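Report on the structure given below.
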Amino acid sequence: MDRLTELEPARLRRLQRVGILSGFAAGAWLGAAEAPTKLVTLGVPPVIISFMMVLGVFLARWSLPALIRGTAAVRDDVRHAPHLVIWAALAGCLWAVANTLTIFAIRDIGLAIAFPLWNANSLLGILWGTLLFNELRDAGRARWLGVLGGAVAMFAGATLLAVASSARAGGGSAVRGIVAALTAGALWGTMYIPYRKAYLTGMHPLSFVAFFTIGELGMMTALALSFSGGAGPLWRALVASHAALFWLLLAGFVWVVGDLFQQFAAKYVGISRGIPLSNTNQLWGLLWGILVFGELAGGAGGGGGRGAVIAGSLLMALGAGAIALASAPGREHRRWLEAAARESERYGVDPAYVAAGMAGDAARVRRRPLDWTLVGGATALLVGSAAIAQVPALPLAWGWVAALTLALLAFLAAGGVALWRATRFG
């Protein structure tokens with residue numbers, strides 16, 4: 001494995017604990033990020049919602065790395081592994097298409113139901129991690145059973161949700177919503193291939209997401225122009241929705257916080273475990289949909305339909321938990337190192353850089369005037385959009401909004417402190 005040496009067992013266990021906690025934190029924040037998409041029920045076009053979310057994501061994915069590490073560190077990562085810029089942009093394109101599909105799914109079958117359906121991406125994460133990156137190789141029979149049993153549970157949960165959504169929505173809209181959600185899951189599952197390539201090669205998550213968002217914004221802009229019929233109609237649609245734009249930009253920032261935790265989970269426990277763990281966002285989506293927005297109340301499926309949705313979500317979450325808790329032993333981690341050595345040799349990346357990235361070693365933080373300019377510009381755009389924003393005319397349970405927001409902050413604090421202590425955000 002050339003200069004890629006094994007980690008000390010204590011260090012490996014600590015990084016895996018950090019990865020698991022990051023996955024849980026990702027679930028909470030990714031789930032909350034989808035709540036503003038309920039604006040589609042007020043007549044805001046799905047493409048406008050997705051476009052503004054992606055714009056918020058773009059702002060966050062450059063300003064947060066500038067604040068935490070500095071753009072000089074991003075430049076250093078590109079110097080060591082320039083090929084990953086292309087992979088990151090490709091992943092961003094897939095994300096933009098998938099995110100747009102989720103808006104249509106939410107419109108047709110609701111947030112609480114659509115969420116678990118697109119989280120079928122866990123199954124693809126397991127497949128790609130095993131086939132391409134040596135995950136679960138030499139993991140042992142018990143861990144294989146945990147992963148496969150979890151996959152079966154997730155499939156059963158998805159089936160329950162599909163049946164419940166058909167009973168609730170009826171007609172063609174339910175079919176469209178199911179297809180949109182499952183297609184989004186397939187795209188997101190494929191998107192995790194560049195994730196794992198990046199972290200086996202040593203690139204820092206904050207650098208990867210910065211270039212990820214270039215493909216993301218480019219693809220979303222093309223989709224928005226196509227759906228809207230050109231720049232003029234798109235601008236008029238944005239002006240007509242000006243009171244809601246702040247909430248969509250904010251959703252993009254919330255998504256990025258969750259995605260950063262997801263990136264650290266993928267880095268330290270792999271995509272076959274980290275992605276299912278972060279897909280606990282389905283439970284958070286269920287909580288936001290039912291508790292805050294009153295979804296499923298008085299639906300066509302009645303109490304049985306609500307029971308099927310809850311049972312399906314819990315079953316999928318239990319399956320994801322079984323997969324995530326089948327932690328990687330040292331012998332499996334050696335197979336990860338083999339995959340990392342292969343990536344290093346294929347692209348001519350310095351093995352010392354790869355080893356440092358896999359060990360969670362942090363580079364020295366260097367902030368420059370450009371970094372503060374990026375942070376200041378993103379802040380100004382948020383403040384400006386907030387000044388013209390209005391509280392959406394949605395029936396909200398504000399007590400539950402406060403409770404779920406406090407839970408988000410708790411996960412942010414716990415995950416952030418753990419990452420800082422273990423890796424200095426390395």
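So for the pair Arg424, Ala142, with labels modelled 7 Å out along Cα→Cβ, what separation do we get in nm?
It works out to 3.6 nm between the two label points.
For the stretch 173-233, what class follows from the C-alpha gyration tensor (a ≥ b ≥ c being the square roots of its eigenvalues): rounded when a/c is under 1.5, otherwise prolate if a/b is larger than b/c, else oblate?
Here the stretch 173-233 falls in the oblate category.
Remind me, relative contact order of the stretch 285-426 in percent, using alpha carbon pairs under 8 angstrom and six or more residues apart? Please list the in-between numbers first.
Values: 43 pairs, mean separation 57.5, N = 142.
Across the stretch 285-426, relative contact order equals 41 percent.
Might you tell me the accessible area per residue for the chain, computed with a 1.4 Å probe and given in Å²?
Value for the chain: 38 Å² per residue.
Which is farthest toward the positive dipole end of the chain among Ala397, Pro276, Val47, measuring Cα position about the Cα centre, with Cβ charges +1 (Lys, Arg) and -1 (Asp, Glu)?
Pro276
What spacing in nm lies between the two simple spin-label points modelled at Glu345 and Phe155, each 7 Å away from Cα in the Cβ direction?
3.5
I need to check one value: relative contact order of the chain, counting alpha carbon pairs closer than 8 Å and at least 6 residues apart, in percent.
Relative contact order for the chain comes out at 36 percent.
Please compute the length gained on full extension between Leu396 and Arg17, using 0.36 nm multiplied by the number of residues separating them and subtracting their Cα-Cα distance.
So the extension gain works out to 132.9 nm.
Quick check: at a probe of 1.4 Å, how many percent of the accessible area of the chain sits on carbon and sulfur atoms?
With neighbouring chains kept in place, the figure for the chain is 70 percent.
For the stretch 6-135, what is the relative contact order in percent, using Cα pairs closer than 8 Å and at least 6 residues apart in sequence?
31
Return the distance in nm (one decimal) between the two label points of a simple spin-label model at Ala231 and Arg176, each offset 7 Å from Cα along Cα→Cβ.
The modelled label-to-label distance comes out at 3.0 nm.
Run the numbers for Leu131 and Ala403: contour at 0.36 nm per residue of separation, minus the present Cα-Cα distance, in nm.
Residue separation times 0.36 nm, minus the Cα-Cα distance, leaves 93.8 nm.
Under the classification rounded if a/c is under 1.5, otherwise prolate if a/b is larger than b/c and oblate if not, where does the stretch 217-343 fall, given a ≥ b ≥ c as square roots of the Cα gyration tensor eigenvalues?
Oblate, because a/c is 1.5 or more while a/b does not exceed b/c.
Based on the Cβ-Cβ distance from Ala386 to Ala410, what FRET efficiency comes out when R0 is 30 Å, to the nearest 0.05?
0.80
Which whole DSSP H helices in the chain pass both tests: a Cα extent of 30 Å or more along the axis and a mean Kyte-Doolittle value no lower than 1.6? Write down the numbers at each step before the final one.
Working: long enough: 9-33 (36 Å, 0.44); 46-68 (32 Å, 1.90); 83-109 (39 Å, 1.46); 141-169 (42 Å, 1.05); 171-200 (46 Å, 0.60); 205-228 (33 Å, 1.44); 245-269 (36 Å, 1.36); 302-324 (33 Å, 1.25); 398-423 (37 Å, 1.48).
Helices meeting the criterion: 46-68.
Would you calculate a helix-derived [θ] at 222 nm for the chain, using -39,500 (n - 2.57) for each DSSP H run of n ≥ 4 and dividing by the full residue count, to the nearest 500? Before the final figure, lay out each step's value.
On the way: 18 runs with 333 residues, N = 426.
Helix-only estimate at 222 nm: -26500 deg cm²/dmol.
Is the chain best put as rounded, prolate or oblate by its Cα gyration tensor, with a ≥ b ≥ c the root eigenvalues, rounded for a/c under 1.5, and otherwise prolate when a/b is larger than b/c, oblate when not?
oblate
The values are calculated or read from the model by the stated rules, or taken from the named source; none is laboratory data. Everything quoted here is computed from the prediction, not taken from an experiment. In this analysis, Cβ positions are derived from the backbone assuming ideal geometry, glycine residues included, and neighbour counts consider all displayed protein chains. Calculation scope for accessible area: heavy atoms of the full protein, side chains included, ligands and nucleic acids excluded. Shrake-Rupley method; radii C 1.70, N 1.55, O 1.52, S 1.80 Å.
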